[in-house]
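Take a look at the structure below.
The values are calculated or read from the model by the stated rules, or taken from the named source; none is laboratory data. All values reported here derive from a predicted model rather than from experimental measurement. Cβ atoms come from the backbone with ideal geometry, glycine included; neighbour counts cover every protein chain shown. Please note that ligands, DNA and RNA were not included when accessible areas were found on the heavy atoms of the full protein model with its side chains. Shrake-Rupley method; radii C 1.70, N 1.55, O 1.52, S 1.80 Å.
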Amino acid sequence: MPVKQQTKQNAADGVVRFENVGMRYGTGPEVLRDLSFSLGPASFHFLTGPSGAGKSSLLKLLYLARLPSRGLITLFGRDVATIPRRDMPELRREVGVVFQDFRLLNHLSVFDNVALPLRITGLREGTIRKHVIELLTWVGLADNLDARPTTLSGGQQQRVAIARAVISRPRLLLADEPTGNVDDAIAMRLLYLFEELNRLGTTVVIATHNDALVSRFGRPRMELEAGSLKFHGVTAAASSTADSDGSKAEAQSKWPLTLPKLADNLSS
Amino acid sequence: MLNLFAGRFDLPLSRDPSTKLLPWIVGLMVYLATLALAGALSLSGLLADWNQGLSSKITVQVMPLGDETGEETQARVTTAIRTLLITPGIAEAKSIPIAEIAAMLEPWLGTAAHVMELPLPRLIDVTLEEDRSPDIEELSKRLAEKVPGATLDDHQFWRSQLFKLVRSLEVLAALVVGLVALAAIAVVVFATRGGLAVHREIIEVLHLIGAHDEYVADQFQRHVWRNCLRGGGVAGALGVTTLVGLRQLAEQLDPALLPTIEVDPWQWGTLILIPIIASLIAMWTAKRTVMRALARMV
């Protein structure tokens, strides 16, 4: 079967592969030009660049909210342009997204928001309950299960958004300015959370323009400028500074890292 | 599998102003449809009754001629009966007694004894054989030859006029039901489109976390089904109550003045099904509307 062969071949290219990708909104100018890169499994990248450089547009391509105007995008080895509309949802379930404005459903409780990605898959309510409570406990929101998102602080809402993004154990995790609304200490904690997920095998891309954070974390950086992409290696020491160590310790004490257990539960 | 009576709502549809009116509008439609359909059904029953009563009968009228005496007229009636009875297809022919005719004319002519002496037309009640009817035209001609002044009425004119009237009323009722259904469908389409527009962002989030179109459509479907069933159920009950009330009013009148308007048990069943059928149509409409709209989204 040629299709299978193609899938196998593409799987070697990693989680994401872009080839001469261009994107424009309607008939406007191209906001992304000639992007060619690939992201391997369990890689971790920051996506940086000035405002309006196209970071959000690139993320939209990655979470399948838009299709490219030209070029080839493969996600988990599948050419996104040829995926029938019917099969899109299954592919989207492999991608977790923390939106810049969270996009929580304000009429639903925290619990229901996080449960949503599992509910749409038709999982049994008992199983859903167990996983959601475990994850919300893990992100420190066990006491807010029934709260509406609007009654929470920005940082808490962000954690709900993150919990929703990771509850179904996506293979690709995208975050758009996840540190935008929170102070540095919380930002560091969130990044450690992403690192933890990355260690479990999730490919992570974080869009940010917080350069200090990027350099402190020492992860490869993709820099978008005027629609074109440049790759940078690790620009600062990957090892922790005193500052981030403190945050890390705090993060771990606050959120007992039982995620491996959660992962086991979800995959079983 | 779509669960019509349970399940969660991820879209706050019940708060939409566009869908809040849905039970009321659908209720109104169901009420109108119930009355129109009940009207059509009882008219059909009435027509069938009349038709049955008239189709097996013909009436022959023998008019008194000039200064003819009663006996002479009666003799012509006897000739007419004899002519009728030798015609194939006629089961029975009997003269209606003069006293009965006088009784029928009583409201106009009074009860005086001399009414009997007036030159009253004589009537012959003819019953046709069930499976074989005579050639009415030929019979009419033959009768007129043998018995001057005899005319034959097979009620055909009356029957065809009645038939036309009732059929027109039935078509009208069907038209009302059809228009009501179209209006209800339009209401559901607009309410659903309104809901889609209001909740566009939520639907987009549902899509992005991997919900199928059916998952979103299911929310609308169940919402529309419940609301229509609620409004339609109440309206259907009101419709049936109205009909029962009308029937009771009709029964208080002199039954001789009104033909009986009856609704069969199975016809009652049809009326009770209206809200359910309406809700199913509404649900299907909502699904189609949502699926078509979502197909245009990425």
Q: State whether the residues of the stretch A:230-239 include one that is modelled with pLDDT of 80 or more, crowded, with 19+ Cβ neighbours inside 10 Å and not in a helix (DSSP H, G or I).
A: no
Q.
B:Ser42 - would you say it is assigned to a helix (DSSP H, G or I) and open to solvent by 30 Å² or more (accessible area, probe 1.4 Å)?
A. no
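Condition check ((1) aromatic (Phe, Trp, Tyr); (2) more than 14 Å from every other protein chain (Cβ to nearest Cβ); (3) open to solvent by 20 Å² or more (accessible area, probe 1.4 Å)) across all residues:
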position	(1), (2), (3)
B:Val147	no, yes, no
B:Asp153	no, yes, yes
B:Gln156	no, yes, yes
B:Arg159	no, yes, yes
B:Leu172	no, yes, yes
B:Ala183	no, yes, yes
B:Glu201	no, no, yes
B:Ile209	no, no, yes
B:Val224	no, yes, no
**Q.** All positions within the stretch A:140-167 that are within 23 Å of B:Ala211 (Cβ to Cβ) and β-branched (Val, Ile, Thr)
**A.** A:Thr150, A:Val160, A:Ile162, A:Val166, A:Ile167
Q. Checking A:Val95 against (1) closer than 15 Å to A:Leu172 by Cβ; (2) more than 9 Å from chain B (Cβ to nearest Cβ); (3) in contact with a Lys or Arg (Cβ under 8 Å, 6 or more places away or on another chain), which single condition isn't satisfied?
A. (2)
Q | All positions within the stretch A:41-65 that are at pLDDT below 90 and within 14 Å of chain B (Cβ to nearest Cβ) | A | A:Ser56
Q.
Looking only at residues that are in contact (Cβ under 8 Å) with a residue 60 or more places away in the chain and over 13 Å from the mean Cα position of the chain (by Cα) in the stretch A:40-54, which one is surrounded by the fewest Cβ atoms within 10 Å (Cβ to Cβ)?
A. A:Ser51
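Based on what the data block shows, is A:Lys8 of a type in the set (Lys, Arg), modelled with pLDDT under 90 and assigned to a helix (DSSP H, G or I)? Before the answer, list the steps.
Working: of a type in the set (Lys, Arg): yes; modelled with pLDDT under 90: yes; assigned to a helix (DSSP H, G or I): yes.
So A:Lys8 passes the test.
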Q.
Test of understanding: among B:Leu179, B:Leu206, B:Leu169, which residue is modelled with pLDDT under 90, more than 30 Å from B:Ile86 (Cβ to Cβ) and not in a loop (DSSP other than H, G, I, E, B)?
A. B:Leu169
(Q) Contact list please: Cβ distance under 7 Å, first residue in the stretch B:273-298 and within 13 Å of another protein chain (Cβ to nearest Cβ), second residue in a helix (DSSP H, G or I), pairs at least six apart or on different chains. (A) B:Met291/B:Asp213; B:Met291/B:Ala217; B:Leu294/B:Asp213; B:Leu294/B:Val216; B:Met297/B:His207
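Taking A:Ser69 as the residue in question, decide whether it is closer than 30 Å to A:Glu19 by Cα, in contact with a Lys or Arg (Cβ under 9 Å, 6 or more places away or on another chain) and small (Gly, Ala, Ser). Outline the logic, then answer.
Working: closer than 30 Å to A:Glu19 by Cα: yes; in contact with a Lys or Arg (Cβ under 9 Å, 6 or more places away or on another chain): yes; small (Gly, Ala, Ser): yes.
For A:Ser69, the condition - closer than 30 Å to A:Glu19 by Cα, in contact with a Lys or Arg (Cβ under 9 Å, 6 or more places away or on another chain) and small (Gly, Ala, Ser) - is met.
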Q) Does B:Glu130 satisfy the criteria of being part of a helix (DSSP H, G or I) and open to solvent by 50 Å² or more (accessible area, probe 1.4 Å)? A) no
(Q) Need a quick list: helices (runs of 4 or more DSSP H) entirely within the stretch A:35-139 having at least 2 residues that are closer than 19 Å to A:Gln157 by Cα. (A) A:110-119, A:125-138
